Each structure stands twice: as C-alpha cells, then as structure tokens.
Amino acid sequence: DMIRKSFVQLQEAWSNQDVHLLQTLLYPTLFTDWFKQIDDMIAKGERNQVRNVIIRDLAIVDVQNYQNNDQDCFTVCVDASASDLTFNSVGEIVKDQTGAFREFWTYQWCDGAWRLIAVSQKDKWQLFVNAPIVDEGPSSGFKKAG
C-alpha cells in the first residue's frame with residue numbers, strides 16, 4: 001500500500017534527518033519547510049525521533065482530478081500512534097508527544113510520483129469535509145495511488 005509505505009518512510013527519514021530521502025518523497029515547498037526545521041534542530045543539538053509507528057486506519061477524504069496532472073492531489077486521514085520524542089545534545093528527552101494522533105496527509109503528483117505536499121492536524125478536518133469535488137473529466141488521466 002503506497003500510503004502506508006510513504007507514511008513509514010517519511011517518519012524514518014525525518015527521524016534520521018535524511019534530507020536526501022526526504023527530497024525524493026516531499027513536494028518541493030514542503031521539503032524546504034522540513035529542511036529548515038531539521039536545520040534548526042541540528043543547530044540546537046536536538047533530534048526528533050518518531051518510533052513504534054502503528055497505523056490504525058487510513059481513509060481517503062479528498063481527491064482532486066485536474067486536466068493538468070501536475071495539480072492532481074488527494075488527502076488521506078491517518079489515524080496512528082507513535083513514540084514522538086525530541087532529544088537534546090546529551091540524549092535527554094526535552095519533548096514527549098507519545099500517543100495516538102490523527103493527521104491529514106495531502107499528496108500531489110510531481111515529477112512522475114506522488115509526493116507529500118501538506119500535513120494538517122486533526123483540528124483542520126473542516127478543510128476536507130464538504131470540500132468542492134474537482135474532476136475535470138476522464139481525459140485528465142488521474143494517476144492511481146499504489
């Protein structure tokens with residue numbers, strides 16, 4: 001399943017501060033943001049580790065199909081749990097966000113692959129409920145996820 005694989009790969013790449021892998025998985029604008037966050041953590045001597053990721057449920061909540069395939073996107077509601085710990089330079093935990101969470105992950109077609117373009121927290125669910133449906137017809141060739 002493409003979404004599960006992507007979710008786990010992105011969590012591992014983030015935890016390992018693997019900017020080269022992140023660059024292949026993220027939409028360019030999101031990569032710039034995450035790169036800055038990682039750079040800031042490195043400057044502070046911190047590392048965020050996301051471990052023991054368990055995906056409880058995935059549900060596609062929004063799909064937009066454009067004639068210009070580079071605009072095609074879809075959003076998945078991700079219900080998961082994980083150990084989300086931030087360590088300082090001497091290995092002490094400075095932040096612990098362990099537990100269950102809900103996020104909305106939006107993927108957009110880019111350079112021949114689905115790339116993560118946005119992560120919205122659970123309080124942003126209104127963005128996807130009753131959102132306008134975009135389907136510019138079968139000639140657009142919407143890409144299959146997975």
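Only the coordinates and a few stated rules stand behind these numbers; no lab work does. Just so it is clear, the model here is predicted, and its values are computed rather than measured. Because the Cβ atoms are built from the backbone with ideal geometry, glycine has one as well, and the counts that use them run over all protein chains shown.
Numerical summary
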quantity: Length gained when the stretch F101-K36 is fully extended (0.36 nm per residue, less Cα-Cα span); calculated: 21.0 nm
quantity: Most to least packed among 115-123, 36-44 [average Cβ atoms within 10 Å]; calculated: 115-123, 36-44
quantity: Relative contact order (%) - criterion: Cα under 8 Å, at least six apart; region: segment 2-124; calculated: 22 percent
quantity: Inter-site label distance for R51 and A113 at 7 Å from Cα along Cβ, in nm; calculated: 2.8 nm
quantity: Likely footprinting exposure, V76, V61, V90, fewest C-beta neighbours within 10 Å first; calculated: V90, V61, V76
